[in-house]
Structures are given as structure tokens and as C-alpha cells.
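The values are calculated or read from the model by the stated rules, or taken from the named source; none is laboratory data. What you are looking at is a predicted structure, and each value in this text was computed from that prediction instead of being measured. FYI the Cβ positions are ideal-geometry reconstructions off the backbone, even for glycines, and counts take in every protein chain you see. These accessible areas exclude ligands, DNA and RNA; they are computed on the full protein's heavy atoms, side chains included. Shrake-Rupley method; radii C 1.70, N 1.55, O 1.52, S 1.80 Å.
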Amino acid sequence: MVLSKTASGTDVSVHSTFASRYVRNSLPRFEMPENSIPKEAAYQIINDELMLDGNPRLNLASFVTTWMEPECDKLMMESINKNYVDMDEYPVTTELQNRCVNMIARLFNAPLGDGEAAVGVGTVGSSEAIMLAGLAFKRQWQNKRKAQGLPYDKPNIVTGANVQVCWEKFARYFEVELKEVKLREGYYVMDPEKAVEMVDENTICVAAILGSTLTGEFEDVKLLNDLLVEKNKQTGWDTGNHVDAASGGFIAPFLYPELEWDFRLPLVKSINVSGHKYGLVYAGIGWVVWRTKSDLPDELIFHINYLGADQPTFTLNFSKGSSQVIAQYYQLIRLGFEGYRNVMDNCRENMMVLREGLEKTGRFNIVSKENGVPLVAFSLKDSSRHNEFEVAETLRRFGWIVPAYTVPADAEHVTVLRVVIREDFSRTLAERLVADFEKVLHELDTLPARVRAKMANGKAKVVKQTEEETTREVTAYWKKFVETKKTNQNKIC
């Protein structure tokens, strides 16, 4: 959570078994201790608590990179003490950021001439990138309305209901009305036709998602662009598109090069992408690039000189580490186009292995498409005995972190599980995950309450049990379960 809170019902002190070699007194949990402690003790105390975190490699809920090569890890540690904004003190780091911006802009087919520099900036992630792009659209719209002598106090933005929460934050923080295109069962992305219908004279832009968080599906940016071109001709407006390519920006150019979603479309004015997702960098880096310099109003760019030289800056943050920028440059030159394509191909192949394995169980409906972000979203064919949330919770016993969630309006009745395939998720892990899903479903099926429900569905006669009988049955089941586990353990040499 962003907002902190204290855990209720817990001790107010921090204790550590192994750190007691160095300190005997416990530490206050929510206050700074009066005295210093040995560095070994501080490390051991924190390390002991962190053991209870999940394994990042088995966190299949996240799109964020959890593995990088040791050489890149070394570069990041060597630059961890460099402040990204000190451009005069660290000119090479600034140069590496500019190279990344230009590489990404050209990857997205920005209309740049020979030797022309791209317009963009590194951010802490796609959330900040989206805020900056949204502010640019809002200021452009306001300037045009002022010049025309028209009201400029009620801006709105059109998105699908499947957008990530950062879009809702942008709308609320910067006082822009959020107009959402509702979803429907079987169609879990924004409908371009409905989106364009919602556009009016106060619309600052329409945001399309290249890789929905819910299902990984790419929205039809080409159709959206074409429909909006026609509406602009009819109305005289100049409404543009922003593409939220947080997940898909480093996938589409390598797996679907013919797909038109980027600056090849005339109304796409800006694009954001997460370097820490399929850009293959640890958490903390995003990028936003604009089509041309004219799409970023000059009044949003600040110039400072108190760090040693005139420095233009357009960010919501100021100080931040340089490591992720350097890591992004490493990945871009280390892998090149061929390397990124190989990684994405491999992710897609492992996605297909998992998808086919889940289908063969006969227990799941696959909701996600084969094309798009390499993930598998799926739901139970029969949720009368247990639901997706119970499956996700039980699966944690095997170490897997797989999210279950409901789809946004107007498909809230649909619940899905989702597995994101990252570079470090192998075919072997995919096969093991399918086996563990089958184990979980078998265990849930054989729970006493589930067995009775199954018998009822089979029209067998069911006698209502007393509370004492139910307790006895559950106890007997778990006793048998524990004994089976012990027997299996005894077989291990």
C-alpha cells in the first residue's frame, strides 16, 4: 500500500533469533531505536523478515522483470549512487538516457529525419509516463480552446474500463473527467466505435491499450485512428490518440511487426512503455515519447541551473537513481532487435505450452487470445463446487502466486485467473504449474463439503448432517490427509 498502517494485534517490538548473537534487546517496531546496533544484526533482522516475502520468480501476477544477467546487475550496483537528475555531474548517464529515448522512438516509427533527435523522457514507470502524456494533451487542448475563445474548464478523456488504475489517478489528480467504454462478456477491451461515439469537443484524447492488463489483448488502434480521423473531419476537432503500450510496446515490434499501432498512424501523438516489463529491466523505469516536438507544449518544460548547467526537465519526480536507465541501455545494445525477438518468441512459446496444458485438463475456459502479451487468462468451466479465488489461494501452498480477479464493468460477473509469462518462466515451470493446478483441483474436489455437493449434483440422496457429524467428517478427512503425507515422507530415503 502507498499509505502506511500499523499491524493490529502484533508485538510493538521486532525480535530476531539469529541476530541475538549480536544484540539481546528487541527493537521498537514503529519508532527509531535510541541506540545503534551492529551492522550484522541489522542485516540479519531484516533478512529474517524478508524470508516471508513470496519468491519473485514464482510471482505470476506481475509483468515486472525479476531476472537480469549478472553483468547488468553489476552495472546497476556500480551506478546505484548516481542521481539521475544531475545531468551536468553525470553527462554520460544523461547521454545514455537520450540514446534510449531515440532508440525507442525509432522502434515505434516516429517520423524523424536524419540526425533529428526524438522527444521523450525516462520515468519511474508507465504511471508517471501516462501522467506526463496526459498533461501534454490537456495543456494542448486548453491552449487551443483559449485561442478560440471557448470554455476550457471541463476536459475529458476516453478510455476503456479495462485501463490500469494510473489512468483513474490521472483523471482525479488533474481534474479530467474519465469517460469509460464498458466491457461485455467475451469482449474485454475497448470497443473503438463506442469510444469514438463518446468523443466530444472537450475530449483531450482517446487512450488505447496495447496489451490489456486483464487479458493481454491488443486494442485495435488502427481502427480507432481511422474512425477518429473521420470524426475530426466531420466536426473540425483535432482529437488525438495516446497509446498505453506499457506491456505491449516491447512485444509488438518483434512479434507483430506488420501491426499498425504506433506513430505510423497520424493521430497517435504519444506512446508510453514500461522498461521494467518486457523492456527486461528491474522495476523502476518507464518511457514516454512524443510524435513531434510540437506535441509537447513548451510551458510544461522547466529549466533549472542550480545543479551546474541549464537543464530542461519534464518529470513529476526529481531525484532518482540512474541504475535503471543504464540497465535499459545495456539491454538495448546487448540484445539488439534479434535478441528481443528471440526472448519474446520464447515467452510466446511457453505461453502456448501453458495454454494447451490447461486446456487438456478439461477444467478451464481460456479467456485470453493467442496473440498479444504472452499471458494466459482463464476461468473455471464449473465454479459451483469451488471458485477461482479458492483455486488461487490453495495454489499458494505450492509457492505459486497466481491472481484471481473480476473483470470491470459491465462484465463484473466474470472471474478469471491470470498467469503472466516472463523471460524467466520456462517450459519446465509451465508443465509443473499445470500439474500443480490439477493437484489443487483434486484436493478441492475431495473436501467433504465439496463431495456432498458433487453427490447432490449427481442426484444421489443426501441426508442433512448435524454440526457434530460435519465436524467429525472434516476431522477424519484431514487426519487421513496428514497420515498420507507422513507415509509419503517415510518413503523418501
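Key figures for this structure:
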{"item": "Lone qualifier among Arg348, Arg397, Arg334, Arg385 - being in a helix (DSSP H, G or I), at pLDDT below 95 and either among the basic types (Lys, Arg) or within 18 Å of His276 (Cβ to Cβ) (or both)", "result": "Arg397"}
{"item": "Test: residue in segment 296-310 that is under 20 Å from the mean Cα position of the chain (by Cα) and not in a helix (DSSP H, G or I)", "result": "no"}
{"item": "Residues (surrounded by fewer than 22 Cβ atoms within 10 Å (Cβ to Cβ) and closer than 22 Å to Pro374 by Cα) located in segment 190-212", "result": "Asp191"}
{"item": "Evaluation of Trp67 against (1) open to solvent by 50 Å² or more (accessible area, probe 1.4 Å); (2) part of a loop (DSSP other than H, G, I, E, B); (3) farther than 22 Å from Arg334 by Cα (one fails), failing number", "result": "(3)"}
{"item": "Test: residue in segment 175-188 that is at pLDDT below 95, under 24 Å from Asp220 (Cα atoms), exposed (fewer than 15 other Cβ atoms within 10 Å of the Cβ) and of a type in the set (Gly, Ala, Ser)", "result": "yes"}
{"item": "Every residue from segment 100-127 that is in a loop (DSSP other than H, G, I, E, B) and either free of Cβ contacts under 8 Å to residues at least 40 places away in the same chain or not aliphatic (A, V, I, L, M) (or both)", "result": "Phe108, Asn109, Pro111, Leu112, Gly113, Asp114, Gly115, Glu116, Ala117, Gly125"}
{"item": "Residue within segment 273-294 that is open to solvent by 10 Å² or more (accessible area, probe 1.4 Å), assigned to a loop (DSSP other than H, G, I, E, B), at positive phi and not aliphatic (A, V, I, L, M) present", "result": "yes"}
{"item": "Single match in Val206, Val181 (criterion: among the aliphatic types (A, V, I, L, M), under 25 Å from Asn365 (Cβ atoms) and either out of contact with any helix residue (DSSP H, G or I) (no Cβ under 7 Å at 6 or more places or on another chain) or not assigned by the TED database to the domain that holds Arg418 (or both))", "result": "Val181"}
{"item": "Subset tally (residues that are open to solvent by 40 Å² or more (accessible area, probe 1.4 Å) and over 23 Å from the mean Cα position of the chain (by Cα)) for segment 103-146", "result": "13"}
{"item": "The one condition in (1) crowded, with 24+ Cβ neighbours inside 10 Å; (2) without any contact (Cβ under 8 Å) to a residue 60 or more places away in the chain; (3) in a loop (DSSP other than H, G, I, E, B) that Pro257 fails to fulfil", "result": "(1)"}
